[in-house]
1. Evaluate the distance, in nm, between pseudo-label points positioned 7 Å from the Cα of residue 34 and of residue 217 along their respective Cα→Cβ axes.
2. Which FRET efficiency, nearest 0.05, do residue 21 and residue 139 yield, Cβ-Cβ r, R0 35 Å?
3. Could you tell me what percent of the DSSP beta bridges with both partners in the chain are antiparallel, to the nearest 5?
4. Roll a 1.4 Å probe over the protein chains and send me the accessible area per residue for the stretch 1-118 in Å².
5. If eta is 0.890 mPa s and T is 25 °C, what Stokes-Einstein diffusion coefficient results for the stretch 74-203, Kirkwood Rh from Cα pairs, in µm²/s?
6. Amide H neighbours of residue 90 under 5 Å, at least 5 residues apart or on other chains, H built in the peptide plane: list them.
7. Mean separation of Cα pairs under 8 Å and 6+ residues apart, divided by the residue count of the chain: what relative contact order is that in percent?
8. Where the accessible area of the chain is counted over protein heavy atoms with a 1.4 Å probe, how much of it, in %, is carbon and sulfur?
Amino acid sequence: MTNTIIELRKADLTLGSAAASVHVLKGIDLTVGQGEAVGIVGPSGSGKSTLLMVLAGLERLDSGEIFIRNTPLHDLSEDKLADFRGRNIGIVFQSFHLIANMTALENVAVPLELANVKNPFDIAKRELTAVGLGQRLNHYPGQLSGGEQQRVAIARALAPSPAVLIADEPTGNLDTETGRQIADLLFAKQAERGMTLLLVTHDNSLAARCSRQIRVRSGEIAGDSAGETKRAEQAFA
């Protein structure tokens, strides 16, 4: 049986206030196993990216519970949450979020250095080489293509050896071929390292590459291929 690495219980979140408030997540229950690749899909405004931010520890729930690696994130202070996230969760965004006046090597190494990781520049060089940028270590973001910048972002996310890799529309700013290469890289690294991958995407073909797809609609889980598969198996048992 697959070990549970992520569990949401009655996750509820409203953003904004008064007349501008939006009930984004509505009592969501979700369990994800170690090593799963989960695609999260749904229309714009459905709550899928907010769900991902909750799973990344970047949004706090109004009520409910979230456990990652048996750690109750909802009970952690901001400092402890940041420390846990830095050690356990890698995050890749649609916009690369690289620091313009730092080289590729520095963009990957400096977060490790700030987290007091030993040999941060050696780790950064290794990770950048692993994503095909061994010859671009000293280039600045402005000197790199969009695909190369996303590779730097992936190397930065992988550098702490996280148990969970979270990607929010990682191919959204890239052309079709570059996007396919970045997707190939993400899935290859997920399989190679046995990480859990949570991927928000509008691209149904990309979601279909995941072992499981979760459909979000109006702040609720409208479909879960894992549950659908289980019900089908039971029906034919």
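The values are calculated or read from the model by the stated rules, or taken from the named source; none is laboratory data. Model, not experiment: these values are computed from the prediction. Here the Cβ is made from the backbone with ideal geometry for all residues, glycine too, and neighbour counts use every protein chain on show. The accessibility values were calculated without ligands, DNA or RNA, using every heavy atom of the protein model including side chains. Shrake-Rupley method; radii C 1.70, N 1.55, O 1.52, S 1.80 Å.
1. Result for the modelled spin labels: 3.5 nm.
2. Using R0 = 35 Å, I get an efficiency of 0.20.
3. Of the beta bridges lying entirely in the chain, close to 55 percent run antiparallel.
4. On the way: 6010 Å² over 118 residues.
That works out to 51 Å² for each residue.
5. Rounded, D is 166 µm²/s.
6. 164, 165, 166
7. Relative CO of the chain lands at 28 percent.
8. Values: 5680 of 11690 Å².
On the chain, the fraction of accessible area on carbon and sulfur atoms equals 49 percent.
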